Every structure is written in structure tokens, then in C-alpha cells.
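Input: a single structure, listed below in C-alpha cells.
The values are calculated or read from the model by the stated rules, or taken from the named source; none is laboratory data. Nothing here was measured: the structure is a model prediction, and the numbers come from that model. FYI the Cβ positions are ideal-geometry reconstructions off the backbone, even for glycines, and counts take in every protein chain you see. Keep in mind that these areas ignore ligands, DNA and RNA; they rest on the heavy atoms of the full protein, side chains included. Shrake-Rupley method; radii C 1.70, N 1.55, O 1.52, S 1.80 Å.
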Amino acid sequence: MTIMIHPSTPFEGQKPGTSGLRKKVRVFQQPGYAENFIQAVFDVAERQPGSTLVVGGDGRFHNRTVIQQAIRLAAANGYGRVLVGQGGILSTPAASHVIRKYGASGGLILSASHNPGGPDEDFGIKYNIANGGPAPEAVTDAIYARTREIDRWLAVDAADVDLDTLGSTSIGGMVVDVIDPVADYAELMESLFDFPAIRRVVEGGFTMAFDAMSAVTGPYAVEILERRLGFPSGTVRNGIPLEDFGGHHPDPNLVHARALYETMMAPDAPDFGAASDGDGDRNLIIGRHRFITPSDSLAMLAANAHLAPGYAAGLKGIARSMPTSAAADRVAAALGLPAFETPTGWKFFGNLLDAGMATICGEESAGTGSDHVREKDGLWAVLLWLNVLAVRGMSVDALAREHWARFGRNYYARHDYEAIESERANALIAALTQALPGLPGQAFGPLTVAAADSFCYTDPVDGSISANQGLRVLFEGGSRIVFRLSGTGTEGATLRVYLEAYEPSDGDIDRETPEMLADLVAAADAIAGIANHTGRTRPDVVT
Ligand code: VG1
Ligand code: CO
């Protein structure tokens, strides 16, 4: 088959953010837009001729179009084989596993994750490398540089591949395998967790509600929770992936997963509730009448992971992103394990996991995962919780209370100010950056600043440096506020303000989060001038 050379010119702004390139669908629909980006990936990706590429996505609108484009480009760019999930479906953690299991040189994951989907909503492309993890910054920087000088893309002239039928076809001498998106992943989960123990508690009447949010996790959750673990059918809600996620944000938090929250707070609530996001890498954990913050979930899972067969030998270390609460650090200290603090975004955990320095990682944004893949993994977290609860025979609420009584409690919330004008958001960050050196010693209500800085990370494995990863204001006594701008939005800027108040184990560990954070909320505005800069007096989303 002949390779067609399509002359092209660069598009502005094809810079991958926290997690790949995310833009409106309309932007991706411009002729050559996706092709330019994918070609740039292929031009810089480390790969041998004839290597394997994994392609999959979260099932959102425009997925199938870009999958066909990617296949035609891959065939013209020397790949030997493409593995694509049936129906174009592969959750982010499943794609990571498939890359690793089949020795692929990398993969394209088509998703804008928790962002809404549909013709007027968001789309995204992320490139993962051979370890199964998101491309590190050196690679994404090279991709971006390439998009700025690109002058052609290569594609074979071939008909669309049938994505709905399992099996092999060939296009332009390259094999395309349409694979079952669930099977390999379900097998991996069964190898890590004590499925018989979970099945026994389910048979004993343990109940659960799982909200797949009409996103990619539905087929995985139905297979694992209902078929393999024996939860009754109907346990998985919104289990069919829809191109527009039913018009909702597939973001598993208390705002967008409100229905699940209400189920879990009702008098007849199930024992356990969970949800996951658009591409299946995030998780929300709610016990009956007890919401677990993602930062606490990381800490509680780390403290109990040895109860699951896959982690029976213990952990090598615990890593968290900088804005994630320090709850996990206390577990690491108690277990005598190294603790790592990385910038926001899963790509920063890859080296620690590859080097065997950390086993469990997490982010405050509802991402938790381990060295079983190189992505955060929503269902993995749900299954680890189920395994721990089954072995310990206790409720989520009882486990949380026991944890806080031992380690103390990090009250935590994130306030998001969405779609602010970029200039205003940048002005806020610039002014605050300038003010940082003068903050130590200043008092804001009852809080006194102990230290303030702009977080700069030096990767302990390869020595690479990532500066400007968020502004930290640390108070005496262990409370903290972090300010940073989102790198996943597609409209204006989103300011994230992360608030954390620590209470030791003999302190107030049974209070409501808003009252415990009220002084920090006031301090955040006084320190950063949020209302002045943005014109907003309250956040759009509190999680
Ligand atoms: C957000 C979260 C971050 C997460 C990223 C990708 O990034 O804060 O923790 O890794 O989304 O998650 P930002 O730059 O908007 O704060 V996913 O599930 O959207 O791929
Ligand atoms: Co996601």
C-alpha cells in the first residue's frame, strides 16, 4: 500500500498539559489537527521499526474518528502492529497494562478524562511510553517542539478498520488486532486481590453501589464486580459508556457524583459506594454515611495494603503529589517507609515505580494506584478497599475512625475557581509568587505562616528538575494552603486552592471539614486576593 505524504503546517498550542493534549472537539475536528499531533508523537517516540502501538479511549464523542486516523498514520510510520480495544474502548489503566503485557513501544489514549464529552465538549490525546506510563516531561516537551515545526504527516490510504469485531486485520502491511478491552485487566485484578474473600462477604450480604458515570469503567465493573465477585446485577449504575456521558461531567466527586452520595447517605445505604471517571483512572470512595477524601483513601490503603495478596510482602515506599494531604506521610513514617512528594500529574510517579522506590501512589484529585501498572487506577482502588474491608470485617466508617485515632486527621478540601480569564489567573499567581518571601511570620487570623515557596521538584531517579509546580504556604502546626493553575482545562484558567488542617490523634478528629477549614479559607483570600483578582467570591466546585 502506498504511503501518502500530506503537507501540513503547525497549529498553535499543541502543548500537552498535566495529562496529554486537551482541547474542544471542534478544535480536534480541524483537518490535520489530530494528524499533526499524532505525527509529532511518532516522530519523537522511542521505538524500533515494526514495534507495537496500543490505541484506545474512553468511548467519548470523536474517539472512533481519531482511532481510524491513528491507525492509518501508524501503518505509514513503520509500526508492525496496533492493538485496539473493541469498540475503541480501553480504560487508561487497562491501556497501561496492555502496553506492558504485550511489550508495546507505547500507546495513544484518547480521552479528556473527567472533562465532559460531546460535539461541543472536550477531547484529548495522551501518549504513554513503553513502561505503560504517561510520557515524562522530556518526551512531551519534544512532542510539543515537533508540533511547532511539523510540515507533513504520513498515512496509508485505507478504509476504516472494523473496531467492533474481535480479531486481526491487516492494513498497509501492519496488523491491527481488535482485542477484548476487559479480559487482560480483569485477570490482573484477580491476581492482586483475594477474590474468594470478597465473594464470601458478598454472599454474606455485603452490598455496594458503583457509579460508572456512563463512562469507560462500566464494562470493567460489570465483569469484575457483578460477574466475578457476585454482586447482584444493578450494583453497577450508569454502566454503559456513552459518547456524551449522558450530558454529565464524568468526574467522581461529591458534586458530579451527587446521586451516589445521596444513596450512600440515605438510611438504607449500601455498605460501600464508589465511582470512577471518564477514562477509569480516578476513584471516589464513600462508605455508608462516610465520605473518604482521596488523600485519606491513599493513607488508609497504604496502611492496610499488606492484607491483599498482591501487596502481602509490604510496600517499598509511598508517593503522593504535592497538593495531596500529608496523611500518607504519617503512614509512611509509622511503617518506616520512604515517602515522596511529586508535582501534580501521574507522569511524575513513573520513575519511582520503575526504580522500585515506591509501591503505592496517590493524588488528591481521586487518583490512586500502584506498581501493577503505570497509571492511576480507579477500579484497582475500589478492589483494594473491598479486599481490606473483607479481611478486616469492618465498615468504612469504623476503619476511618480507627485510622484517625492512630495517625491523626488531615482535614482537607480543594476549592476550584473555573473558567477565569487567563490574564487574571496569571496575575494572581504572579503577585502571590512575588509576595511569598515576605509571608513567613505574618499572621492571618489564628494562623501564622511558617514557610512559603514555589514547589520545585528534582526527580530522585534521573535528576530532572520541574520548577513552578504550585505555590505553598505552610503554617505553624502543620496546616497548609497550596495554590496552582490547572493543566487540564480547555477554557480560560482554573485556579485550584488546596486547604489542609492537621489535627493530631488526641485532637479534634471527629468534626466537620468546613468548620475545620474556615480559618484557612479566610487566609487563602487574604493571602492571594482571590476575590480581587478573579471577581469571584466563592469557588465553583468544592471537593
Ligand atoms: C488534574 C488533577 C491531577 C490529575 C490530572 C489528570 O490536573 O489535579 O491530579 O493528575 O487532572 O487526571 P490539573 O492540572 O487540572 O490540576 V485525569 O483523571 O483528568 O487524566
Ligand atoms: Co481520568
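Can we say D329 is of a type in the set (D, E, K, R) and in contact (Cβ under 8 Å) with a residue 24 or more places away in the chain?
Judged against the criteria, D329 is not a match.
Mind checking which residues of the stretch 241-270 are open to solvent by 70 Å² or more (accessible area, probe 1.4 Å) and touching a helix residue (DSSP H, G or I) at 6+ places or on another chain (Cβ under 9 Å)?
Selection gives E243 alone.
Residues that are over 29 Å from R258 (Cβ atoms) and among the basic types (K, R), at least 1 per element: which strands (runs of 3 or more DSSP E) completely within the stretch 424-543 meet that?
Because the criterion is at least 1 residues that are over 29 Å from R258 (Cβ atoms) and among the basic types (K, R), the strands (runs of 3 or more DSSP E) in the stretch 424-543 that meet it are 471-475.
Within the stretch 338-365, how many residues turn out to be touching a Ser or Thr at 6+ places or on another chain (Cβ under 9 Å) and under 18 Å from H403 (Cβ atoms)?
Counting residues in the stretch 338-365 that are touching a Ser or Thr at 6+ places or on another chain (Cβ under 9 Å) and under 18 Å from H403 (Cβ atoms) gives 3.
What tally of residues in the stretch 75-102 results from selecting those that are within 16 Å of N128 (Cβ to Cβ), away from ligand 2 (no atom under 16 Å from the Cβ) and polar (S, T, N, Q)?
Result for the stretch 75-102: 0.
In the stretch 1-62, which strands (runs of 3 or more DSSP E) lie fully inside it and hold 1 or more residues that are in contact (Cβ under 8 Å) with a residue 40 or more places away in the chain and buried (at least 21 other Cβ atoms within 10 Å of the Cβ)?
21-24, 52-57
What number of residues in the stretch 262-308 are away from ligand 2 (no atom under 16 Å from the Cβ) and part of a loop (DSSP other than H, G, I, E, B)?
Number of matching residues: 10.
Which condition from (1) more than 16 Å from ligand 2 (Cβ to nearest atom); (2) surrounded by fewer than 24 Cβ atoms within 10 Å (Cβ to Cβ) is the one that P323 breaks?
(2)
Identify all residues within the stretch 230-240 that are over 24 Å from M394 (Cβ atoms), open to solvent by 60 Å² or more (accessible area, probe 1.4 Å), assigned to a loop (DSSP other than H, G, I, E, B) and not hydroxyl-bearing (S, T, Y); write none if there are none.
Selection gives N238, I240.
Being within 13 Å of ligand 2 (Cβ to nearest atom) and over 22 Å from D211 (Cβ atoms) is the filter here; which residues of the stretch 110-119 pass it?
Within the stretch 110-119, just L110 meets the criteria.
Does the stretch 175-194 contain any residue that is closer than 27 Å to E262 by Cβ and more than 24 Å from the chain's Cα centre (by Cα)?
No, every residue in the stretch 175-194 fails to be closer than 27 Å to E262 by Cβ and more than 24 Å from the chain's Cα centre (by Cα).
Does T458 count as open to solvent by less than 20 Å² (accessible area, probe 1.4 Å) and polar (S, T, N, Q)?
no
Just to verify a result, which residue in the stretch 470-506, among those that are within 21 Å of G124 (Cβ to Cβ) and of a type in the set (S, T, N, Q), is farthest from ligand 1 (Cβ to nearest atom)?
Checking each candidate, the answer is T490.
I'm checking my understanding of the structure. Among residues of the stretch 237-285 that are of a type in the set (G, A, S) and within 16 Å of ligand 1 (Cβ to nearest atom), which one is nearest to F123 (Cα to Cα)?
Checking each candidate, the answer is G278.
Looking at the stretch 329-350, which of its residues are open to solvent by less than 10 Å² (accessible area, probe 1.4 Å), within 16 Å of ligand 1 (Cβ to nearest atom) and β-branched (V, I, T)?
T342
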